[in-house]
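One structure is given here, and the rest of the page talks about it.
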Amino acid sequence: MRLALLITSLMLIASCTPTGPVTGETTSGNINASAPYMWSAGAFPRDLKISTAFSATEASNITVMAAAWETSLENKKNFFKDVPSGDTTLATTSEVDRVNLDLDSLGDDSVNGVYKITRWPLELPSSALAVTQIFGRRFNVGDSNEYVRIEHADILVNENLYDFRTGGAQANTYDLQTVILHEMGHFLGLSHRSSGSNSIMIPSIGSSTVARAPTNLDAADMASKYSISLGTGASSAIMAEKPLFKYSPNNADVGTKVKMLIELHTNGECVHKENGVVTERHSTK
């Protein structure tokens, strides 16, 4: 029987409280895990590629979830190429099909990919349902306006150890659209919301969970991050947990390279890592 659950969210509605490190795990309190991470204003639209390892139905559902984030923002932001208003066609390419996946090399290629991983990398925990990997640079370290500028991101779906569905309820499977919608939230720069929030970005979802559109709260968070003015529906929701951030790096500051991994596990935990160091660990138990 396959188990599953990772994305930065799953719907076991429970408190999300930090727990201590596990044996052999490197942790650090020196990294500002609460600093916002986001793409620069000129980074959009991204050319997101979907692995041809996904079936046509799966790929179609992934494109719909990409378009759902734009729709939630009243189509005022074009995050992805080939997903204009009313169009859910996203290019696919064999470039993102890799048998022996080198996680570090993903940050060096030109492909922002959604990968269907049928041989899960040994360096990633087997309890991970999906992972969003972000490459970028950390600026203004130690200052109140510290942030991570995203330069590259990929979504990895663990098809090696878990089963996903695109239709109705099915035992021991997870809803692919829900997982992708959540992971795309991380891809675009959203952090976790507290458990119990009316958000796709809560830190735990169950196999029975189906959430295929951002909520008003999610739209408000994204709008705040990218300075988008929305109508009354989203703007009346509770606004982002973190204040709107404006880039202000020193002209001579080239930033510090970082690789962020956002993981959610089948044991009810979500783990955040930066350059291999655990910066946050939450338990939804």
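The values are calculated or read from the model by the stated rules, or taken from the named source; none is laboratory data. Keep in mind that what you see is a predicted model, and the values were worked out from it rather than measured. Quick reminder, even Gly has a Cβ in these numbers, built from the backbone with ideal geometry, and neighbours come from all protein chains shown. All accessible areas refer to the heavy atoms of the entire protein, side chains included, with ligands and DNA or RNA removed. Shrake-Rupley method; radii C 1.70, N 1.55, O 1.52, S 1.80 Å.
Listing for the model above:
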| read-out | value |
| --- | --- |
| Among (1) assigned to a loop (DSSP other than H, G, I, E, B); (2) buried (at least 18 other Cβ atoms within 10 Å of the Cβ) - the single one Asp109 does not satisfy | (2) |
| Sole exception among (1) open to solvent by less than 20 Å² (accessible area, probe 1.4 Å); (2) part of a strand (DSSP E or B); (3) modelled with pLDDT of 80 or more for Lys257, by number | (1) |
| Residue that is farthest from Gly231 (Cα to Cα), among those in the stretch 173-198 that are in contact (Cβ under 8 Å) with a residue 24 or more places away in the chain and hydroxyl-bearing (Ser, Thr, Tyr) | Thr173 |
| Filtered residues of the stretch 116-159 (kept if more than 20 Å from Phe80 (Cβ to Cβ) and open to solvent by 50 Å² or more (accessible area, probe 1.4 Å)) | Thr118, Arg119, Leu122, Glu123, Ser126, Arg137, Val141, Gly142, Asp143, Ser144 |
| Filter result (at pLDDT below 90 and open to solvent by 30 Å² or more (accessible area, probe 1.4 Å)) within the stretch 162-194 | Gly167, Gly168, Ala169, Gln170, Ala171, Asn172, Ser191, Ser194 |
| Among the residues listed as Ile31, Ile62, Ile13, the single one being open to solvent by less than 50 Å² (accessible area, probe 1.4 Å) and either modelled with pLDDT under 90 or part of a loop (DSSP other than H, G, I, E, B) (or both) | Ile31 |
| Contacts under 7 angstrom Cβ, first residue in the stretch 126-138 being under 12 Å from Asn158 (Cβ atoms) and free of Cβ contacts under 8 Å to residues at least 60 places away in the same chain, partner in a strand (DSSP E or B) and open to solvent by 10 Å² or more (accessible area, probe 1.4 Å), 6 or more apart | none |
| Yes/no for Ser94 being at pLDDT below 90 and among the small types (Gly, Ala, Ser) | yes |
